[in-house]
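Asker: Below you'll find the structure I mean.
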Amino acid sequence: MTGRSTALARWLPILGWLPTYDRSWLRPDLVAGLTVWALLVPEAMAYADLAGMPPETGLYAALGAIVAYAIFGTSRQLFVGPSSTVAILSLSTVGAVATTDNVVDLTIALALLVGVLSIMAGLFRLGFISVFMSKPVLTGFMFGLGLTVAVGQLPKLFGVEGGSGNFFQQLWAVVEELPDADLRTSAIGVGSLVILLVGRRIFGHGVPMALIVVFVSILLSNLLDWSDLGVHVVGEIPASLPSLTVPDVELGDIRDLLPGALAIVLIGFAESYGAAQNYARKHGDDIDASQELIALGASNVGAGLLGGFTVDGSLSRTAAADDAGAKSQMAMLICGAITFVTILAFTPLFEALPEAVLGAVVISAIWGTFNVTEMRRVWRANRLDFAAAAIALLGVIMIDLLEGLLIAVLMSFVLVIYRASRPSMPKLEQIPGGPYVDADRWRTEPTPGVVIVRFDAPLIFAGAEALEKRIDELLDEVSTDEAAGPLRAVVLDLESVSDIDTDGADTLRSIHDGLQERDVSFLIARLNRPGRQALARAGVFDRIGEAHFFLSVRTAVNSITGEQLDAAERMIQRYQLED
């Protein structure tokens with residue numbers, strides 16, 4: 001491959017894998033494509049309803065997303081398409097802006113806006129946004145989102161009117177209306193849900209339970225005339241190709257959609273990249289986070305241009321493809337081709353599909369978000385993480401999705417700052433004849449007149465004040481310990497420091513100046529080159545003095561005690577001077 005084609009393949013990965021495609025992979029890719037199609041068709045139509053769109057637009061969105069990702073994506077397994085998460089986020093975003101006449105246009109515009117924002121983020125190499133939410137917080141958010149989606153499907157499941165508001169308000173509305181529930185609809189909906197859940201537990205992804213339930217219910221609906229008996233069905237679905245769609249929206253509409261679009265970019269990328277990364281590790285592949293942003297953006301643009309709604313990576317469909325033996329993105333193109341044929345010829349078959357079955361398909365598809373096992377694991381591992389996850393969950397079900405998402409993101413940042421403000425700062429002492437270690441965990445001997453402390457975190461604004469307080473505490477201990485003798489030096493071990501900001505540099509300056517007034521030396525050990533450069537730029541390196549920086553704790557201590565350096569220490573010291 002020439003240099004030009006290699007550079008082009010970086011932006012269009014299909015140019016890298018398609019010319020070298022191994023034909024022996026065609027059979028497993030065909031099986032995987034068919035398997036995902038069997039899951040995709042009923043789910044895409046169900047998620048279209050979640051997004052407030054006609055059922056056929058779910059297939060349009062799937063077609064545009066799958067083909068676009070196959071062209072631009074770097075994962076061989078990830079399937080992008082309609083999902084419950086971004087579908088309900090789309091409805092929440094559009095619902096706050098739309099009137100009854102422009103829901104479809106605004107939904108399409110939102111997909112295009114999400115696509116453009118994702119592509120821009122990828123071009124600016126902003127792939128790191130995938131870590132904006134910690135895994136526990138994301139688990140809590142997704143749990144709350146699943147509850148919100150499920151309660152929104154209960155009216156279809158039981159054939160009742162339902163209500164609006166938060167999770168509890170909607171649930172109470174359904175409970176109040178249950179005595180008036182349509183028994184036939186309830187039997188169809190609840191029975192379908194039980195079959196889907198039990199079938200998945202027994203057969204896993206090996207059997208397309210959703211497609212089987214959908215087609216059996218369509219057959220029974222036609223044979224028994226369910227629609228004439230009061231069972232709500234999907235109704236007319238056009239069997240025609242989607243056309244390129246440009247939504248009729250104004251600039252003010254785009255401005256109103258922007259906050260929700262940013263939220264969908266964040267959540268959609270976190271879900272998609274997490275799934276892609278999981279299977280890349282499994283198969284020893286490399287994926288590019290920023291290129292994945294571009295691919296996700298292209299998928300949303302493709303979905304929007306065909307008249308669909310927002311899309312992201314699906315963990316369930318990706319898992320199904322991998323279980324079926326998918327080898328490459330060819331499985332996506334095959335799935336896209338079969339979806340194209342479905343749109344062209346088979347959509348009228350779904351007109352007799354009961355809406356209760358669609359509701360059951362949605363609840364079954366999002367069942368995995370009720371991750372009680374993971375919440376229990378977080379509870380056992382770290383109570384602070386569990387509290388953050390619980391707050392994210394409650395924010396979604398008690399307030400709203402977008403507000404809950406904002407709470408989730410803020411909780412992630414609060415956790416980072418909280419932990420950075422409470423770094424580990426052990427006092428170090430020497431094991432007789434050995435290294436300097438945490439004095440609280442080992443049998444050690446103090447070095448008379450010398451206090452040694454290690455800072456185990458980035459030295460930034462959040463934890464800088466804590467370091468100064470810790471050194472003051474240790475100095476107070478020494479001043480009250482008559483056996484310690486007069487204090488001659490404080491040695492600060494910065495081996496674990498990966499970053500120093502302005503506040504951190506100023507803290508070191510303050511510590512140095514305070515110790516100098518007490519005629520106590522301030523020595524810094526094991527600071528890496530970027531840290532020394534940061535202190536030099538802040539004017540702190542020269543203030544402390546180069547002679548006060550050492551490449552090991554031992555050489556720093558020996559410079560105070562006057563003990564003779566052994567050969568290894570002399571070599572370290574010489575390297576220090578040369579460096």
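One line per residue, one yes/no per condition, for (1) closer than 24 Å to V86 by Cβ; (2) modelled with pLDDT under 90:
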site	(1), (2)
T6	no, yes
L15	no, no
P19	no, no
A32	yes, no
V36	yes, no
L40	yes, no
Y47	yes, no
T57	yes, no
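Asker: Mind listing whichever residues of segment 450-466 are open to solvent by 10 Å² or more (accessible area, probe 1.4 Å) and in contact (Cβ under 8 Å) with a residue 60 or more places away in the chain?
Answerer: V450 - this is the single residue of segment 450-466 that is open to solvent by 10 Å² or more (accessible area, probe 1.4 Å) and in contact (Cβ under 8 Å) with a residue 60 or more places away in the chain.
Asker: Count, please, the residues in segment 338-356 that happen to be in contact (Cβ under 8 Å) with a residue 24 or more places away in the chain and open to solvent by 10 Å² or more (accessible area, probe 1.4 Å). Give the steps one after another, and end with the answer.
Answerer: Filtering segment 338-356 down to residues in contact (Cβ under 8 Å) with a residue 24 or more places away in the chain leaves 338-340, 342-356.
Then drop every residue that is not open to solvent by 10 Å² or more (accessible area, probe 1.4 Å), which leaves 338, 340, 344-346, 348-349, 351-352, 355.
Total satisfying the criteria: 10.
Asker: Report yes if some residue within segment 357-367 is over 30 Å from A525 (Cβ atoms) and either surrounded by fewer than 19 Cβ atoms within 10 Å (Cβ to Cβ) or touching a His at 6+ places or on another chain (Cβ under 6 Å) (or both); otherwise report no.
Answerer: yes
Asker: If you don't mind, another one. Which numbered condition in (1) touching a residue at least 24 places away in the same chain (Cβ under 8 Å); (2) at negative phi is the only one that G159 fails?
Answerer: G159 satisfies every listed condition except (2).
Asker: When segment 164-186 is examined, which residues are found to be free of Cβ contacts under 8 Å to residues at least 24 places away in the same chain and loosely packed, with under 15 Cβ neighbours inside 10 Å? Let's see the steps before the verdict.
Answerer: First, pick out the residues of segment 164-186 that are free of Cβ contacts under 8 Å to residues at least 24 places away in the same chain: 164-165, 169-181, 183.
Across segment 164-186, the qualifying residues are S164, G165, Q169, W172, V175, E176, L178, P179, D180, L183.
Asker: Could you list, in sequence order, the residues of segment 125-139 that are open to solvent by 40 Å² or more (accessible area, probe 1.4 Å) and touching a residue at least 12 places away in the same chain (Cβ under 8 Å)? Step through it out loud before you land on a result.
Answerer: So in segment 125-139, the residues open to solvent by 40 Å² or more (accessible area, probe 1.4 Å) come out as 125-126, 128, 131-132, 135.
Answer for segment 125-139, where residues must be open to solvent by 40 Å² or more (accessible area, probe 1.4 Å) and touching a residue at least 12 places away in the same chain (Cβ under 8 Å): R125, L126, F128, F132.
Asker: Among the listed residues A320, A303, which satisfies the condition of being part of a helix (DSSP H, G or I), open to solvent by less than 20 Å² (accessible area, probe 1.4 Å) and at pLDDT below 90?
Answerer: A320
Asker: Could you tell me which of the residues L344, L349 is in contact with a helix residue (DSSP H, G or I) (Cβ under 9 Å, 6 or more places away or on another chain), outside any strand (DSSP E or B) and not β-branched (V, I, T)?
Answerer: Just one listed residue meets the conditions, L349.
Asker: Quick check on this structure: which one of T20, T35 is out of contact with any Pro (no Cβ under 9 Å at 6 or more places or on another chain) and among the β-branched types (V, I, T)?
Answerer: Details: T35 fails: out of contact with any Pro (no Cβ under 9 Å at 6 or more places or on another chain).
Exactly one of T20, T35 is out of contact with any Pro (no Cβ under 9 Å at 6 or more places or on another chain) and among the β-branched types (V, I, T), namely T20.
Asker: Restricting to helices (runs of 4 or more DSSP H) lying wholly in segment 12-109: which have 3 or more residues that are buried (at least 24 other Cβ atoms within 10 Å of the Cβ) and either touching a strand residue (DSSP E or B) at 6+ places or on another chain (Cβ under 8 Å) or among the β-branched types (V, I, T) (or both)?
Answerer: 26-50, 56-72, 84-95
Asker: Read through the list (1) within 30 Å of G95 (Cβ to Cβ); (2) small (G, A, S); (3) in a loop (DSSP other than H, G, I, E, B), then give the number of the only condition that G395 fails.
Answerer: Only one criterion is unmet by G395, namely (3).
Asker: Further, regarding this structure: Sort through L487, L508, L527 and tell me the only one that's modelled with pLDDT of 95 or more and not acidic (D, E).
Answerer: L508
Asker: Another question, if that's okay. Quick check on segment 79-88. Is at least one of its residues farther than 16 Å from A365 by Cβ and in contact with a Phe, Trp or Tyr (Cβ under 8 Å, 6 or more places away or on another chain)?
Answerer: no
Asker: Also, quick follow-up: Are any of the residues in segment 407-419 assigned to a strand (DSSP E or B), touching a residue at least 24 places away in the same chain (Cβ under 8 Å), closer than 20 Å to G504 by Cα and among the β-branched types (V, I, T)?
Answerer: Within segment 407-419 (the criterion being assigned to a strand (DSSP E or B), touching a residue at least 24 places away in the same chain (Cβ under 8 Å), closer than 20 Å to G504 by Cα and among the β-branched types (V, I, T)), the answer is no, since none of the residues qualifies.
Asker: So E429 passes all but one of these: (1) assigned to a helix (DSSP H, G or I); (2) open to solvent by less than 50 Å² (accessible area, probe 1.4 Å); (3) of a type in the set (D, E). Which condition number does it fail?
Answerer: Looking at each condition in turn, E429 falls short on (1).
Asker: So, one more: For the list (1) open to solvent by 80 Å² or more (accessible area, probe 1.4 Å); (2) in a helix (DSSP H, G or I), I need the number of the one condition that L244 fails.
Answerer: With respect to (1) open to solvent by 80 Å² or more (accessible area, probe 1.4 Å); (2) in a helix (DSSP H, G or I), L244 is out only on (2).
Asker: Can you find, within segment 483-511, the residue that is surrounded by the fewest Cβ atoms within 10 Å (Cβ to Cβ) among those that are assigned to a loop (DSSP other than H, G, I, E, B), of a type in the set (G, A, S) and under 32 Å from the mean Cα position of the chain (by Cα)?
Answerer: The qualifying residue surrounded by the fewest Cβ atoms within 10 Å (Cβ to Cβ) is S498.
Asker: Continuing with the same structure: List the residue pairs whose Cβ atoms are under 6 Å apart, where the first residue sits in segment 262-273 and is surrounded by 24 or more Cβ atoms within 10 Å (Cβ to Cβ), the second is outside any helix (DSSP H, G or I), and the two are 6 or more positions apart or on different chains.
Answerer: Close Cβ pairs satisfying both conditions: I264/T310; G268/D312; S272/D312; S272/G313.
Asker: Follow-up. Does segment 237-262 hold any residues that are within 11 Å of A109 (Cα to Cα) and of a type in the set (G, A, S), and which are they?
Answerer: Passing the criteria: only A261.
Asker: Still on this structure: Just to be sure, is L527 of a type in the set (A, V, I, L, M, F, W, C) and either in a strand (DSSP E or B) or open to solvent by 10 Å² or more (accessible area, probe 1.4 Å) (or both)? Can you show your working first?
Answerer: Values: of a type in the set (A, V, I, L, M, F, W, C): yes; either in a strand (DSSP E or B) or open to solvent by 10 Å² or more (accessible area, probe 1.4 Å) (or both): yes.
Spelling it out, L527 is indeed of a type in the set (A, V, I, L, M, F, W, C) and either in a strand (DSSP E or B) or open to solvent by 10 Å² or more (accessible area, probe 1.4 Å) (or both).
Asker: Can you pull out every residue in segment 187-210 that is open to solvent by 20 Å² or more (accessible area, probe 1.4 Å), farther than 16 Å from V151 by Cα and in contact with a Leu (Cβ under 7 Å, 6 or more places away or on another chain)?
Answerer: Once the filter is applied, which keeps residues that are open to solvent by 20 Å² or more (accessible area, probe 1.4 Å), farther than 16 Å from V151 by Cα and in contact with a Leu (Cβ under 7 Å, 6 or more places away or on another chain), segment 187-210 yields P208, M209.
The values are calculated or read from the model by the stated rules, or taken from the named source; none is laboratory data. Here the structure is a predicted model, which means the values were calculated and not measured. Don't worry about glycine lacking a Cβ; one is built from the backbone with ideal geometry, like all the others, and counts go over all protein chains shown. Note: areas computed on protein heavy atoms with side chains; ligands, DNA, RNA excluded. Shrake-Rupley method; radii C 1.70, N 1.55, O 1.52, S 1.80 Å.
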